[in-house]
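A quick write-up on the structure given underneath.
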Amino acid sequence: MKFVIPITLVAVTVVLMALALAGVGRSVENVGIEKGSAVAGFTPRAATPEQAMSNLLLDVQRRNWDRAYDAVSKTSEVTETSFIQDWSGSNGSLRAFSALEGFDARPLHATTDEAQMRVRLHWTTPVGPLEDVRDFRLIREGDVWRAVWPKVQIASVPAQIVPVTYLRWDLVSGGTEEEWGSRNVDAPHVRIISMNAIDSAEGAIVMGEVVNEDTVPAFVNVNAVLVDGAGNPIDDENSFDKIAHVLLPKQVSAYRIDFPKLTLKNVKNVRMDAKATLIPASADPVIGVMNQKLDTDAQGKTVLHGDLLNQSGQTVNIPHVIVSFYDNNGKVVWVGDGYVDKALLAQSSEPFAVELPKSMTGKVQNFHVVVNQYSLGRS
Amino acid sequence: MRQFFSICAVITLAGVSFAQDIRVPADVTAGNDAVISTSGSGKATFYLSGPGVARKADVNLGESIPLSSKELTNAGSYLAIVCSDACHSGAFCVIPDKPASLSFLVHPSRVPVALNDAVSGIAFPFDQFHNFVLAPGTVNFQFTAGKASLLAQPVKMQNGAAWFRTTSGRSAGALQVSATLGDIMAHRVVQQVASDACNLKVEGHPSPGGVFVQTEPVHDCAGNLLPDGTVVTFSATQAHGKSTVDAPIKQGIARAQISASGPTTVSAASGVVMGNELRLEAQR
């Protein structure tokens, strides 16, 4: 009699676990893939394309690389090392500092032996949450489904010496013993050359372009204060990462200042202020922005895409693209940006894409791309 | 200056009128010794209060009280008080010594060439004790570029300051500005830099994978070469898209290799200045 209750409890637990696991398997058949699995470390058999995709991405999320690679078809032209690099990044790229937070997958089409899945990957990164959409092809091998991994293109540059002869500016700070007035070096002269304020679904946006008119590099930040009819400030914000902060002489950058949850309804005036300070800088690396084109992607969104070409000899770890979009009068109507999650190796190129909101699609006639770059170990 | 002397005169007269047992000097030049004479007899306590000094000493009435040069280095009004049965006081002024240095401020440190009223400067004389000297005088401002003297401008000081405002020169380079007052001189340097690009011209030719483009030597409208590192943005527009390169100028010329294929229109811009357009047939 004394064993009845423990035995009953164990039996009920086992039944519930079995039901839960079976439940996960059933739900994915109809509505896509849920995130996570009932038991960590337990992976249901990849009997369907959805389950195979889910298993693979969960293993990637847990950085269980061996098991994730096992879910890849052997017909794929990818080694385990390059598969891991594809997910975990390399060369100090943004991907190397990111983690896969979650994913949503939906089938595009499926036959008995082959399926196509579109996956929306949610990444957490040091520059905020990023979303990536990838299409995967899966095939049935016996009674399990596996992903066919495309060949990972790793930039291969022949060994060479790239002479760097561009200018570098160093900053010498004056000593404290100097005579008053003998060591004053002015801050760089920068100018806001355009400004436009609009309302968007997320809030008010102030954007435009700023130019470094000086002959020395400048570290630039643009601030905006929204002022009401009585002259009182409503809110103040700065351009944060929506600007190329380091501007070389005569370089132009777009800026965007977001005021979340605010509308321009009560705004009478916007006070703008471009702050510039002297910084040491280098004219290297030069990054070309090639093959820029506004296009519609597979999801029907208007996207400016192109290729960044690193024309110098050093690796750019995290390239960042900032785009000003103009209407037919040359007015800046939108400023967008996008990070490239792969490092830009010397003399190689990487694609980029920046989305244009639907409301702006008809207005945009031209655009200007500026590349901001973060390189480890450099100011 | 007049105001300062008037205040000192009023203070001195006040001292003479109401402190009959104490006689203070009229005006003392900073850094000089002085003597305060007293009348009467017996012991008394002497107090001296002024800018940067406060002293108490036991003195004998009827004797002179010496004031050392060290306690009279700061210009301004001083108060001497002698107390025995009653207190008597006298005030006197310490005036600045002759100018020993010039504080010379010139703005800006960098200026584009040929800009009206772009350079300004102001000079303030100070004595050896860092007292602001208000005495009238003439400061001679001189402007030289290289070894050539461009301008000499004598300016009378008003309320202890002399200033100038002038147009920047037409040649890029260091502009030496000096201010001279008597045998004192102060130097500053203003870097005159090239202004915006003028007649930006671009040339190029097809190259493997696209086009190679470069500017002609980039000058401003005064003929100065734009400094190295100045960014020139090259744009190559084709039927299927656009490519851009922000290339820094090196030895007066900016160069870029741009990926392109087919008929390509190349343009260049530096800051807000646009250059010419060039039509090329890029190599496919």
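Quick notes on this one:
- Of all residues assigned to the range B:71-88, at least one qualifies as being aliphatic (A, V, I, L, M), in contact with a His (Cβ under 8 Å, 6 or more places away or on another chain) and part of a strand (DSSP E or B).
- Residues of the range A:360-374 satisfying the condition of being over 20 Å from the mean Cα position of the chain (by Cα) and either crowded, with 17+ Cβ neighbours inside 10 Å or not charged (D, E, K, R) (or both): A:Met360, A:Thr361, A:Gly362, A:Val364, A:Gln365, A:Asn366
- Residue that is modelled with the lowest pLDDT, among those in the range B:225-242 that are within 28 Å of A:Gln365 (Cα to Cα) and at the interface with another protein chain (Cβ under 8 Å from one of its Cβ atoms): B:His240
- Yes/no for A:Gln153 being modelled with pLDDT under 85 and under 26 Å from A:Glu77 (Cα atoms): yes
Table: residues versus (1) within 11 Å of chain B (Cβ to nearest Cβ); (2) in contact (Cβ under 8 Å) with a residue 40 or more places away in the chain; (3) surrounded by fewer than 22 Cβ atoms within 10 Å (Cβ to Cβ).
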| position | (1), (2), (3) |
| --- | --- |
| A:Asp295 | yes, no, yes |
| A:Val303 | no, yes, yes |
| A:Trp334 | no, yes, no |
| A:Asp341 | no, yes, yes |
| A:Lys358 | no, yes, yes |
| A:Leu376 | no, yes, yes |
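- Strands (runs of 3 or more DSSP E) fully within the range A:178-268 that include at least 3 residues being free of Cβ contacts under 8 Å to residues at least 40 places away in the same chain: A:233-238.
- Within the range B:52-74, being in contact with a Ser or Thr (Cβ under 9 Å, 6 or more places away or on another chain) and touching a residue at least 40 places away in the same chain (Cβ under 8 Å) holds for B:Leu61, B:Leu72.
- Within the range A:201-234, the residues that satisfy the criterion of being within 12 Å of another protein chain (Cβ to nearest Cβ) and under 26 Å from A:Ser359 (Cβ atoms) are A:Glu209, A:Val210.
- Within the range A:181-231, the set of residues being of a type in the set (S, T, N, Q) and either closer than 30 Å to B:Met185 by Cβ or in contact with a Phe, Trp or Tyr (Cβ under 8 Å, 6 or more places away or on another chain) (or both) comprises A:Ser182, A:Asn184, A:Thr215.
- Unmet criterion (only one of (1) farther than 30 Å from B:Ala57 by Cα; (2) within 20 Å of the chain's Cα centre (by Cα)) for B:His130: (1)
- Selection of the range B:243-266 for residues being within 9 Å of another protein chain (Cβ to nearest Cβ) and of a type in the set (Val, Ile, Thr) yields B:Thr244, B:Val245, B:Ile249, B:Ile258.
- Within the range A:192-235, considering residues that are among the charged types (D, E, K, R) and loosely packed, with under 15 Cβ neighbours inside 10 Å, the one farthest from the chain's Cα centre (by Cα): A:Asp228
- Looking only at the range A:156-182, and only at residues there that are surrounded by 15 or more Cβ atoms within 10 Å (Cβ to Cβ) and at pLDDT below 70, the one that is nearest to the other protein chains (Cβ to nearest Cβ): A:Gly181
- Filter pass, B:Val218 being within 12 Å of chain A (Cβ to nearest Cβ) and either more than 38 Å from the chain's Cα centre (by Cα) or surrounded by fewer than 24 Cβ atoms within 10 Å (Cβ to Cβ) (or both): no
- Failed item, numbered, when A:Leu309 is tested on (1) more than 11 Å from chain B (Cβ to nearest Cβ); (2) buried (at least 17 other Cβ atoms within 10 Å of the Cβ); (3) farther than 19 Å from B:Ser270 by Cα: (1)
- Residue selected from the range A:269-291 under the condition assigned to a strand (DSSP E or B) and closer than 17 Å to B:Thr244 by Cα, by the criterion farthest from the other protein chains (Cβ to nearest Cβ): A:Ile287
- Where helices (runs of 4 or more DSSP H) fall wholly inside the range A:1-115, no range has 1 or more residues that are within 30 Å of the chain's Cα centre (by Cα), of a type in the set (Asp, Glu) and modelled with pLDDT under 85.
- Scanning the range A:240-260 for any residue that is surrounded by fewer than 16 Cβ atoms within 10 Å (Cβ to Cβ), more than 28 Å from A:Ser375 (Cβ to Cβ) and away from chain B (no Cβ under 14 Å) turns up at least one such residue.
The values are calculated or read from the model by the stated rules, or taken from the named source; none is laboratory data. Keep in mind the model is a prediction, meaning the values are calculated, not measured. Quick reminder, even Gly has a Cβ in these numbers, built from the backbone with ideal geometry, and neighbours come from all protein chains shown.
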